[in-house]
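Have a look at the structure below, then the notes.
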Amino acid sequence: MAGIWIIAENREQTLELLRIGGELSTKTGTRLSVFLSQDRERARDYIECGADEVFILPPLTEDQSLDAYIPRIIVEAQQDVPDLILIPATARGKDMAARIAARIDTGLCSSCMALTFDDNHASFVMERLAYGGAAVQKVVCTTRPAMATIPPRTYEPADAVKGRQGQIINLPAHSPSTVKILEKKVKERESKDITESRLLVCVGRGVEKKEDVALARQLADVLHGELACTRPIAEEYHWLAEELCIGLSGAQVEPDLYLGLGVSGQVQHVTGFRNAKVIAAVNKDENAPIFKAADFGIVGDLYDVVPKLIAELKK
Amino acid sequence: MDFMLTEEQELIRQNMREFCKNFVDPIAVEIDENSRHPAELLQKLAEGDWLGMPIPQEYGGAGADQLTFVIAVEELSRSCASTGFTLSTHAGIVCMMFLLFGTEDQKKKFLIPLAKGQHLGAFALTEPAAGTDIMAATASAIIDGNDYVINGTKTFTTNGPTAETYLVFVWTDKAAGRKGMSTLIVPRSAPGLRVGEHFKKMGLRSSQTSEMIFKDCRVPRENLLGKEGMGLQMAMTGFDHGRIGIAAQCVGILQAALDESIRYSKERVQFGTPIARHQAIAWMIADMATALSAARFLTYHAAWLKNQNKPFSKEAAMAKLYASEAAMKHTVKAVQIHGGYGYCKGAKVERLMRDAKITEIYEGTSEAQRMVISGNVLR
Amino acid sequence: MPAIIACFKWVVDEAYVRRMASGELDFSSVDYKIGEYDRNAIEEAVRLKETLGGSAIGITVSVPEATKGVKDALSRGCDQACFIADSSFGNLEPSQTAAILAEVIHSRIQSFDLIICGEGSSDLYAQQVGPRLSEKLGIPSVSFVQKLSIEGGKLLAERRVEEGIEVIAAPLPALVTVLPDINVPRIPGVKDTLMASKKPVVTIKKDELQPLGEACLQTLSITASRIERTCERFGTNAAEISRFVGSLRKTGVIR
């Protein structure tokens, strides 16, 4: 077999891909390679974390984006057809992956959340969510290489082994892309990064007015947690910042505790926190789907329940 | 038999649903509570061509057929029966009468701004002493030079306080009896017209209703709609159309009552189980769903007959009679299902129940519908 | 005068997908709609056309029953539609959809300035067709765009990435995929809906296309997703609230 490739974007996610890539390369007895932009220091870091070889792509000018590497990666993939290419499911990663897959005529499992090697069929079995998270679609790629984009935090980061050796190979330059970046505006976060929070209190449509978000905030404060919300709260009502949205098209979170207030539990939303350690919910609709996804549920009016919770927690 | 709606009809239902979710649902409680005319909502309805729906495009309308119009009234009433009625009266009766009986000049002058939703229309027939007994009306008009001079009082005029164009039924030859009434087009600016205050009603509160007082009110002779003496016949035609609209409004009310009852009965737990699993409640909901289907089919059938240019007077009366009585009966049940919560302001079923009552009264009481229907079948 | 193509997919409305006790999904009472994200694509194409002139063309690859979706797209302001229909097109894989779109756009539409796709389909949400299509046509593409304009014969777009926003310029013709907050899709007026069927629709059948390639991805199964949770219920009186907080404490997630 010709190996498993990882296209690196940021370090955090590359380490996560190195974890699953390493497992699969051990299992299939193949090499694990990383494609990385310019940074030799980082290349050694990745080798210690499991890469057998790191291909260094030449630096990009200010106005070029990662997608400028696509032609070079395609050339390499056509020369030395790998078995599997892993790419982080970030905005740039998802775009690159689909375009590479199109050019080398192969299949791509988008936002893959489970990836195993089936010995009997010598194929990678990949799982992803469909229908807004209501369904799990299990796929195999019938063409080589198989490709997958993997969402952040799907795997634990790979562990470093001090002194682990590997090859570093420089790749030649490429012609620049006609797509040019004129300006980069770094987002000023209005609030804390919810993916980092241990405890999240999530506001749903059961909260009736913008002012009532304060009630949820009080509860979050008592818990020493952060506020998050469902998509309509941010996008339709604009009560909270968009980066606080949890769900399929928002943040994927894995807190110790997710506590939903007036959250009905549409699958698109639940998908974003299904790996939380503990899930709790307050909703007056006892048939709300959130209760099927929760460990602990209070069937009741949040306006009645939340003040009682705050009082109880303060005891 | 073909019970399939066209793709256009399905899309129009979907679009009206979305319109209601975005613009009607957020204000429905408030406009009921304050008896407020939602001018901003009417403006939005005009932008989407809803206010001229059944009128051909050459006269400023959208050119939809009667069944498509019924679907729109139904969906709008499901969110707000008051606004549904405003639409039904304006487009289904007033615009329709201009289309059926107006001269080319009248259509250009009055129908186009009405169908475009720039003006609202009203239909002024009922008088303080003349409800179902229209012949007891007293308002009259005499010719003076080039003008009609109108004297009398109309009441319960829907859209009275907000309309720009009124169709007013007056005696021009009382001695001629049923052939003595005529229909005059009265603009709001006509000298001698005074529009009364909006009535405080039990339900349908944001639909505007008032008295209209005519004191030597002058309109030019060209404002006669149709011919002299045709007024009563034209009013009956207006009612036939209007009844399909009321039936559609009732279907919307019933659908809303069912939606609310299903949602609440699954949520509300008593004796350890959602009340929907108690047979007493489940059967109320079964009856409600059945009545909704029956009302809907009667209504769509009447609209379909009108589309086919077949007589539909009896079927419109049947649809209106059945749908209005079903709406009243089942909104009461919906409040019952909601218990004390349903009796409080803010519960949608409470509004539905108040709104439903008028449907058994206006555009012909249930008793009047039975007169029309029995008159037809016993002929 | 630009010609702008909006791609859309006629999808199962996921609100109607029910989960049976067996864990299988029940599609028996589903309704269909234009994918939520694709409505933004259509709206953006129509918005650009209305400001710049030119025309907006809606294009979809679907089953023959999707005629309602084609009318919906036309009622949303597309001037014409291209409907590639076959009863076998209900479960295409992104590589196949992109190949069909590329072939039809290349052979039938030829001259265009911009192709707009939604960020993903609201059923499978693979987010691949847009970027794959750009590669098949050999045109530049920008994904996840939250704002766009055409100025001086160039595409200017704000692309949203994890760290913030990149303002991008690209030569035309180009392809973009747009995010939901780029616009608010209009609600078609009555006339828009009634006049939709009067607009030109080019229907292309499978036998007019080159033979369809095999799917690169083979779906082994689609099953209801399962979340194993204890689903313990609590009431709202003081004792129950205290029991609830106690349960949370026992798990160790709060102190």
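Mean shadow of segment A:4-170, computed from the convex hull of its alpha carbons, in nm²?
In nm², the orientation-averaged hull projection of segment A:4-170 is 9.7.
Give the angle, between 0 and 90 degrees and rounded to the nearest 10, that separates the Cα long axis of helix B:313-342 from the longest principal axis of the Cα atoms of chain B.
It is inclined by approximately 40 degrees.
Per-residue ellipticity at 222 nm for chain B, helices alone: DSSP H runs ≥ 4 residues times -39500 (n - 2.57), over residue total, nearest 500 deg cm²/dmol?
Numbers: 12 runs with 182 residues, N = 379.
For chain B, the value works out to -16000 deg cm²/dmol.
Compute the distance in nm between two label points, each set 7 Å from the Cα along the Cα-to-Cβ direction, one at residue C:243 and one at residue B:259.
Placing both labels 7 Å beyond Cα along the Cβ direction yields 3.7 nm.
What lysines does residue A:277 reach when the alpha-carbon gap must be under 16 Å and sequence neighbours fewer than 8 apart in one chain are set aside?
Excluding near neighbours in sequence, the set is A:292, C:250.
Can you tell me the 0 to 90 degree angle between the C-alpha axis of helix B:279-307 and the longest principal axis of chain B, rounded to 10?
30
From the mean inverse distance of alpha carbon pairs (Kirkwood) and the Cα radius of gyration, derive Rg over Rh for the protein assembly as shown. Don't jump to the answer; show the numbers that get you there.
Details: Rg = 32.4 Å, Rh = 31.3 Å.
That ratio equals 1.04.
Using a 10 Å cut-off on Cβ atoms, rank the peptides B:49-60, B:124-135, B:179-190 from the highest mean neighbour count down.
Numbers: B:49-60: 22.9, B:124-135: 17.1, B:179-190: 20.2.
Going by the mean number of other Cβ atoms within 10 Å, highest first, we get B:49-60, B:179-190, B:124-135.
Tell me which of A:167, C:211, C:197 sits at the most positive position along the dipole axis of the protein assembly as shown, charges placed on C-beta atoms (Lys, Arg +1; Asp, Glu -1).
Of the options given, the answer is C:197.
Evaluate E = 1/(1 + (r/R0)^6) for residue A:175 and residue A:122, where r is the Cβ-Cβ distance and R0 equals 35 Å; express this FRET efficiency to the nearest 0.05.
Values: r = 37 Å, r/R0 = 1.06.
Working from the Cβ atoms, E equals 0.40.
Below 18 Å, Cα to Cα, which lysines can residue B:200 reach? Residues fewer than 8 away in the same chain don't count.
Those lysines meeting the cut-off are B:154, B:345, B:357.
Compute the convex hull volume of the Cα atoms of segment C:1-89, divide it by the residue count, and report the result per residue in Å³ as a whole number.
Details: hull volume 7.7 nm³, N = 89.
Output value, Cα hull per residue: 87 Å³.
May I ask you to derive the FRET efficiency for residue A:198 and residue B:309 from their Cβ-Cβ distance with R0 = 51 Å, giving the value to the nearest 0.05? Spell out each step's value before the answer.
On the way: r = 71 Å, r/R0 = 1.39.
Approximately 0.10, to the nearest 0.05.
With each pseudo-label sitting 7 Å past Cα toward Cβ, what's the residue A:287-residue A:168 distance in nm, one decimal?
It is 6.3 nm.
Give the cross-link partners of residue A:180 among the lysines, using a straight C-alpha distance below 28 Å as the criterion and excluding same-chain residues fewer than 8 apart.
A:94, C:49, C:136, C:147, C:154
Between residue A:304 and residue C:13, what is the label-to-label distance in nm when each label sits 7 Å out along the Cα-to-Cβ direction?
Output for this residue pair reads 3.3 nm.
For n ≥ 4 DSSP H runs only, could you compute -39500 (n - 2.57) per run for chain A, divide by its residues and tell me the 222 nm figure to the nearest 500? Let's see the in-between values first.
Numbers: 8 runs with 83 residues, N = 315.
Rounded to the nearest 500, it is -8000 deg cm²/dmol.
Roughly how big is the protein assembly as shown's charge dipole about its Cα centre, with Cβ charges of +1 (Lys, Arg) and -1 (Asp, Glu), in debye to the nearest 20?
Details: 109 positive and 119 negative charges, 422 e Å.
Using Cβ point charges on Lys, Arg, Asp and Glu, the protein assembly as shown gives about 2020 debye.
Determine, for A:199, C:52, the number of other Cβ atoms within 10 Å of each Cβ, and report the residues in order from fewest to most. Show your work: numbers first, answer last.
Values: A:199 19, C:52 15.
Going from sparsest to densest Cβ surroundings: C:52, A:199.
For a test of the definition: using alpha carbon positions, the gyration tensor, and the 1.5 limit on a/c, classify segment A:209-315 as rounded, prolate or oblate. Present the calculation step by step, with values, prior to reporting the outcome.
Details: a/c = 1.38, a/b = 1.18, b/c = 1.17.
Note, shape of segment A:209-315 comes out rounded.
Going by the alpha-carbon gyration tensor, a ≥ b ≥ c the square roots of its eigenvalues, is segment B:122-230 rounded (a/c under 1.5) or, if a/c is not under 1.5, prolate (a/b greater than b/c) versus oblate?
On the way: a/c = 2.13, a/b = 1.41, b/c = 1.51.
Because a/c hits 1.5 or more and a/b fails to exceed b/c, segment B:122-230 counts as oblate.
Tell me, what is the FRET efficiency for residue B:202 and residue B:174 to the nearest 0.05, using R0 = 41 angstrom and their Cβ-Cβ distance as r?
For R0 = 41 Å, the calculated efficiency reads 0.75.
Which value in deg cm²/dmol, rounded to the nearest 500, describes the helix-derived mean residue ellipticity at 222 nm for chain C, given -39,500 (n - 2.57) per DSSP H run of n ≥ 4 and division by the residue count? The partial results should precede the final answer.
Values: 6 runs with 67 residues, N = 255.
Helix contribution divided over all residues of chain C: -8000 deg cm²/dmol.
Calculate one ³J(HN,Hα) per residue across segment C:45-59 by plugging θ = phi - 60° into the Karplus curve 6.51 cos²θ - 1.76 cosθ + 1.60, and present them in order as whole Hz with x for glycine and proline.
4, 5, 4, 5, 4, 5, 8, 9, x, x, 9, 10, 10, x, 9
So what is the relative contact order of chain B, in percent, for Cα pairs below 8 Å that sit 6 or more residues apart?
Working: 722 pairs, mean separation 61.0, N = 379.
In percent, rounded to a whole number, it is 16.
Looking only at other chains, what is the average number of their beta-carbon atoms within 10 angstrom of each beta-carbon in A:177-186? Please list the in-between numbers first.
Numbers: counts 2, 6, 12, 8, 5, 7, 6, 6, 6, 3.
Per residue, the average neighbour count from other chains is 6.
Only the coordinates and a few stated rules stand behind these numbers; no lab work does. All values reported here derive from a predicted model rather than from experimental measurement. Glycine also receives a Cβ, built like all others from the backbone with ideal geometry; neighbour counts cover every protein chain displayed.
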